[in-house]
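Quick note: the coordinates plus some simple rules give every number you see, no bench work behind them. The structure displayed is predicted, hence computed values, not measured ones. Note that we place each Cβ from the backbone using ideal geometry, even for glycine, and neighbour counts take in every protein chain shown.
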2 protein chains.
Amino acid sequence: MRVPEHIGIIPDGNRRWALSNNMTKDKGYEYGINPGLEVFKLCQNENIKEVTFYGFTVDNTKRPTEQKLAFTQACIDSVMLLTKEDCEILVIGNTESNAFPKELLPFTTRKKFGNGGTKVNFLIHYGWEWDLNLLKDADFSKKHILPYIHSKDISRIDLIIRWGGRRRLSGFLPVQSVYADFYVVDSYWPSFTPKDFYDALDWYNKQDVTLGG
Amino acid sequence: MRVPEHIGIIPDGNRRWALSNNMTKDKGYEYGINPGLEVFKLCQNENIKEVTFYGFTVDNTKRPTEQKLAFTQACIDSVMLLTKEDCEILVIGNTESNAFPKELLPFTTRKKFGNGGTKVNFLIHYGWEWDLNLLKDADFSKKHILPYIHSKDISRIDLIIRWGGRRRLSGFLPVQSVYADFYVVDSYWPSFTPKDFYDALDWYNKQDVTLGG
């Protein structure tokens with residue numbers, strides 16, 4: 001079986017899940033924490049080397065305060081849960097704003113936990129435009145920008161799995177996603193089951209790899 | 001009905017179509033010319049303002065010579081056919097190579113034909129890395145790169161339709177595609193029917209628009 005080296009996770013549908021369970025929208029996010037840990041463990045079991053979670057974006061912070069507080073806390077809790085596992089955590093996002101949670105500043109360079117192993121990236125207060133604008137130490141003499149984007153330490157993605165039925169990237173890592181196969185799960189992220197993950201792997205196994213060739 | 005302002009077309013499956021019709025792979029491309037004209041006319045009818053066709057990429061030129069000749073000629077013929085219509089044509093691609101057909105050099109600034117109207121863009125000898133590296137007149141003082149990418153004259157895309165069943169962007173305009181809804185047609189591009197197009201529009205009409213918000 002051909003297994004992806006790097007999976008991107010777009011955990012969408014938390015608010016729709018909350019509404020469909022008679023909760024206010026902001027209550028959905030905390031039910032998305034455990035699915036993240038489950039996906040991590042499945043990646044570990046399948047020897048997937050890297051997994052990137054779409055936490056929240058600069059755009060998302062325009063939402064009502066109670067939602068903003070809720071998704072920020074869910075992201076902090078998700079990262080903290082993983083510090084108890086064997087993994088290597090990196091948080092990428094625009095730290096030059098109060099919307100970036102200070103609790104996650106120590107993770108903006110990759111940190112090893114336990115015996116290390118699986119690389120886990122979280123996009124936190126991430127923005128695709130911010131990403132593509134350049135790092136302060138960029139060398140412009142060759143006009144090659146890719147070594148200087150903010151997410152340069154995140155590798156190319158082979159498979160993106162999006163929950164919640166929408167068929168779009170919503171600004172998720174435009175450079176790393178150029179060749180990614182895109183699998184959509186119709187159910188909402190808090191309803192995650194391991195079957196979602198294995199169905200995606202089975203589907204990926206049937207795709208060819210051309211890398212644009 | 002909510003109609004996209006800008007549609008991206010990934011006309012994939014020409015070679016698989018040729019094989020399934022007992023032809024050699026290179027013969028498929030010429031059967032992709034007419035579908036392009038049909039899509040253009042449908043866009044015109046539906047008042048879609050801009051359409052971008054994925055012609056061929058820098059990566060594609062690694063293919064066998066007879067295929068390379070065939071897809072290059074099919075792209076030239078497709079552009080020439082459109083010069084007889086009311087439209088405004090722009091060709092974007094890396095012209096600093098013999099792989100870029102000299103016949104298309106006059107179209108590298110937007111040219112109006114007939115009464116103008118629908119903008120039609122072709123990506124010809126395009127590469128996402130080439131696109132994201134910067135124009136020679138880039139002003140780096142603000143480190144904002146987006147005004148200086150090679151495809152800066154192509155607007156944001158609302159809907160991408162890909163024929164041939166694959167669920168990936170394959171390097172198609174990473175910046176303009178960040179929020180695009182992505183619709184996949186399983187049949188091969190030379191088997192195009194107007195129903196493919198209208199099914200995609202119907203599907204698009206049912207998606208919400210959040211632009212990452």
Using the membrane-span-like helix rule (whole DSSP H runs, Cα extent along the own axis of at least 24 Å, mean Kyte-Doolittle hydropathy at least -1.0), which helices of chain B qualify?
B:65-82
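Beyond 27 Å, what percent of the Cα pairs of the protein assembly as shown remain?
Distances greater than 27 Å cover 54 percent of the Cα pairs.
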Go ahead and estimate [θ] at 222 nm for the protein assembly as shown from helices alone: -39,500 (n - 2.57) per DSSP H run with n ≥ 4, summed, over the residue count, rounded to 500.
-8000 deg cm²/dmol
Between exposed trypsin sites (Lys or Arg not before Pro) in chain B, where DSSP calls loop and at most 12 other Cβ atoms lie within 10 Å, what's the longest gap?
B:3-83
Which stretch or stretches of the stretch B:172-193 have amide N atoms under 20 Å from the point lying 7 Å from A:K206's Cα along the Cα→Cβ direction?
B:183-189
Computed label-point distance, nm, for sites B:E129 and A:K68 using a 7 Å Cα→Cβ extension
4.0
How large is ³J(HN,Hα) for each residue in the stretch A:53-63, as worked out from phi by the Karplus curve 6.51 cos²θ - 1.76 cosθ + 1.60 (θ = phi - 60°), to whole Hz, x for Gly and Pro?
9, 7, x, 9, 10, 4, 4, 4, 6, 7, 6
Non-local amide H neighbours of B:F122 (under 5 Å, H modeled in plane, Pro and chain starts lacking H): which ones?
B:F53, B:L90, B:V91, B:I92
Would you pull out the residues with amide H under 5 Å of A:D181's amide H, same chain only if 5 or more places away, H placed 1.01 Å from N?
A:L159, A:I160
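In square nanometres, what is the average projected area of the Cα convex hull of chain B?
Numbers: hull surface 49.2 nm².
The number I arrive at for chain B is 12.3 nm².
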Can you tell me the relative contact order of chain A? Whole percent, Cα pairs under 8 Å, sequence separation 6 or more.
27
Efficiency of FRET between B:T83 and B:Y198 - r from beta-carbon atoms, R0 22 angstrom, step 0.05
0.25
Excluding same-chain pairs closer than 8 in sequence, count the lysine pairs in the stretch A:1-131 whose Cα atoms lie under 15 Å apart.
13
Dipole-positive endmost among A:V58, A:S78, A:L19 within the stretch A:3-79 (Cβ charges, Cα centre):
A:L19
R0 of 35 Å, Cβ-Cβ distance A:N45-B:S155: FRET efficiency to nearest 0.05
0.20
In Hz, Karplus ³J(HN,Hα) per residue of the stretch A:20-26 (6.51, -1.76, 1.60; θ = phi - 60°; x = Gly, Pro)
6, 10, 6, 10, 6, 3, 5
Ranking A:W130, A:W17 by Cβ neighbours within 10 Å, fewest first, what do you get?
A:W130, A:W17
Quick check for me: using +1 on Lys/Arg Cβ and -1 on Asp/Glu Cβ, what's the dipole size of the stretch A:6-205 about its Cα centre, in debye to the nearest 20?
380
